[in-house]
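In what follows, a structure is listed as structure tokens, so that the remarks can point back to it.
Readers should treat all values here as calculations from the given coordinates under stated rules, not as data from a laboratory. Owing to the predicted nature of the structure, the values given are computational and were not obtained by experimental measurement. As a convention, Cβ positions derive from the backbone with ideal geometry for all residues, glycine included, and neighbour counts pool all protein chains shown.
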Amino acid sequence: MKLILSAQEPTIDGPIDRRFGRSRWLIGVETESNQWEAFENPGAAQSGGAGVAAAQFVIDQKADAVVSGDFGPHAAGAFRSGAIEMRLYNEAVATVKDAVDLMVRNELKVFK
Amino acid sequence: MRIAIASGKGGTGKTTVAAALAFSLADSHKVRYFDCDVEAPNGHLFLKPDLTSSQEAVIPIPQIQTEKCTGCGKCVEVCQFHALARIGKTIMTFPQLCHGCGSCTFNCPEDAILEVTNRIGLLERGLTREGIQFLRGMLTVSEPMPTPIIRQLKKWTPSTEETIDIFDAPPGASCSVVETMRGADFAILVTEPTPFGLHDLRQIVGIVREMNIPAGVIINRTDNGSDAIDRYCQQEGLEVFYRIPFERKIAEGIARGQHLLQIHPEYQQDFIKIYSKIGMEA
């Protein structure tokens, strides 16, 4: 499954970012192969429409699911239309890797 | 002559000053007062206009004609406000982010975008008893963007003769304030002798410098403590035109809906002099 997670640093071992639209990095992870890649979030520098910019990026990456601390109404609307599942970081998650492991075990809460 | 009244910090007394200026000049000039604080207009409380005319404020937003749309995504690419997204071959619009620039419509290769009007507020105008032309805009509750209304308000009535246009700006130092001040010949910056007053004065001064608008300062609610503001103004080469005292009588009068010249009729001469000074410096 292809995941995208919001992060503060360009590494799977680095800390998560609980923001979606304006997180600095988005980490793409292929859970089958454990391959990952860091992308600069196009929403990060935006004064407006950051959620849409970030969501458009995730949609263009053809992710199956996206993980963050919260999703604003515009990003959420776009993901619902695109049938991309949104999941939330819980309190315990510190690194992106932690979140990937929890996701694979289906232990991350679904964002409705 | 176009004069903007701005402040930086909210609640310093912009409308008090703007109204006083308008009233002081109404006998001898054709004065137009524009309430550009379209999110929370309050000029009518002092000017008490008879509102006789109104017009809807609208911005054009895109409506995708799905039968013509090929999902090429060109509109998404050109929109700098991210008001459009492409999901598969469907284009999704976000009207609240749309600034009505028309770029998507212009660039669509299939002519698949129809511009529909989104009503975002109301423009109103009328005359006061003193013959001041009063104009204001009101942003509809829940609409996020005041700037297009301010732009439309300023364009609503063409200036056919020599008028003194007073633009009462919103508080702050963002887009709506810049739009209000655009094209002004002079800016009166109203501040108060508090740390926040000075902090926000610096921001608005930065903006008038960027916009190349000559400015002067009025310090409202002065008591003994305006040294920091005076020092700052001196450093910046900004003239302090006037000081309004920190007086209970003024607060009481304003709370009763009186304007400054009703509370202190002797201030009228002072405001007339302020206008002459502006006339020489603008």
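Answer rounded, prolate or oblate for segment A:51-97, using the Cα gyration tensor with square roots of eigenvalues a ≥ b ≥ c: rounded when a/c is under 1.5, else prolate when a/b is larger than b/c, else oblate.
Taking the square roots of the gyration eigenvalues as a ≥ b ≥ c, segment A:51-97 is prolate.
Average partner chain C-beta neighbours within 10 Å, per residue of B:74-82?
Average per residue, whole number: 3.
Summing +1 for each Lys or Arg and -1 for each Asp or Glu, what net charge is found among the other residues whose Cβ lies under 15 Å from the Cβ of B:Ile219?
Around B:Ile219, the charge tally is -3.
At a Förster distance of 25 Å, what's the computed FRET efficiency of B:Arg231 paired with B:Phe196, Cβ-Cβ distance as r, to 0.05?
0.90
Enter the mean number of other protein chain beta carbons within 10 Å of the beta carbon of each residue in A:43-49, as an integer.
Per residue, the number of nearby Cβ atoms from other chains is 4 on average.
From largest to smallest, what semi-axes in whole angstrom does segment B:174-282 give when each is the square root of 5 times an eigenvalue of its alpha carbon gyration tensor?
Taking √(5λ) for each eigenvalue gives 23, 17, 14 Å, largest first.
Figure the gain on full extension for B:Gln55 and B:Lys89 (residue separation times 0.36 nm, minus the Cα-Cα span) and round it to one decimal in nm.
Full-extension gain reported as 8.4 nm.
Quick one: net charge around A:Thr95, please, counting Lys, Arg +1 and Asp, Glu -1 for every other residue with C-beta under 11 Å from its C-beta.
-3
Report the Cys residues of chain B lacking a disulfide-compatible partner, meaning no second Cys Cβ under 4.7 Å from their Cβ.
B:Cys36, B:Cys69, B:Cys72, B:Cys79, B:Cys98, B:Cys101, B:Cys108, B:Cys175, B:Cys233
So if R0 is 35 Å, what FRET efficiency would A:Asn90 and A:Ser47 give, r being the distance between their Cβ atoms, rounded to the nearest 0.05?
Plugging the Cβ-Cβ distance into 1/(1 + (r/R0)^6) gives 0.70.
What helices does chain B have that are whole DSSP H segments, at least 15 Å long along their own axis by Cα, and with mean Kyte-Doolittle hydropathy of -1.0 or more?
B:14-25, B:195-210, B:267-281
Set the Förster radius R0 to 30 Å, insert the Cβ-Cβ distance between B:Ser276 and B:Glu252 as r into 1/(1 + (r/R0)^6), and round the FRET efficiency to 0.05.
0.50
Rounded to whole Å, give me the distance from the Cα center of segment B:45-84 to that of segment B:121-142.
Using only Cα atoms, the two centres lie 22 Å from each other.
In chain B, once you exclude exposed trypsin sites (Lys or Arg not before Pro) (DSSP loop, at most 11 other Cβ within 10 angstrom), what's the longest stretch remaining?
B:130-255
Which number do you get for Rg(Cα) / (2.2 N^0.38 Å) in the protein assembly as shown?
Normalised Cα radius of gyration, the protein assembly as shown: 1.24.
For Cα pairs less than 8 Å apart in space and 6+ apart in sequence, what is the mean separation divided by the residue count of segment A:2-110, i.e. the relative contact order in percent?
27
Over the alpha carbons of segment B:59-119, what is the largest minus smallest coordinate on each principal axis, giving the biggest first in Å?
Principal extents (largest minus smallest coordinate, Cα): 28, 18, 15 Å.
First select every other residue whose beta carbon is under 12 angstrom from the beta carbon of A:Phe20; then total the charges, Lys and Arg +1, Asp and Glu -1.
My count for the surroundings of A:Phe20 gives +3.
Work from the charge dipole of the protein assembly as shown (Cβ charges, +1 for Lys and Arg, -1 for Asp and Glu, about the Cα centre) and give the residue of A:Ala44, B:Leu153, B:Gly172 farthest towards its positive end.
B:Leu153
Report, to one decimal in Å, the Kirkwood hydrodynamic radius for chain B based on all distinct Cα pairs.
Result for chain B stands at 20.4 Å.
Semi-axes of segment B:79-155's equivalent ellipsoid from the Cα gyration tensor, sqrt of 5 times each eigenvalue, largest first, rounded to whole Å?
Whole-Å semi-axes of the equivalent ellipsoid: 35, 13, 9.
Restricting to bridges with both residues inside chain B, how much of the DSSP beta-bridge set is antiparallel, in percent to the nearest 5?
Beta bridges within chain B, antiparallel portion: roughly 50 percent.
Taking the Cα atoms of chain A, report the difference between the largest and smallest coordinate on each principal axis, in whole Å and largest first.
33, 26, 26 Å, listed from the longest principal axis down.
For segment B:110-208, what is the Kirkwood estimate of the hydrodynamic radius, computed as the reciprocal of the mean inverse distance between distinct Cα atoms, to one decimal in Å?
Its Kirkwood hydrodynamic radius stands at 16.0 Å.
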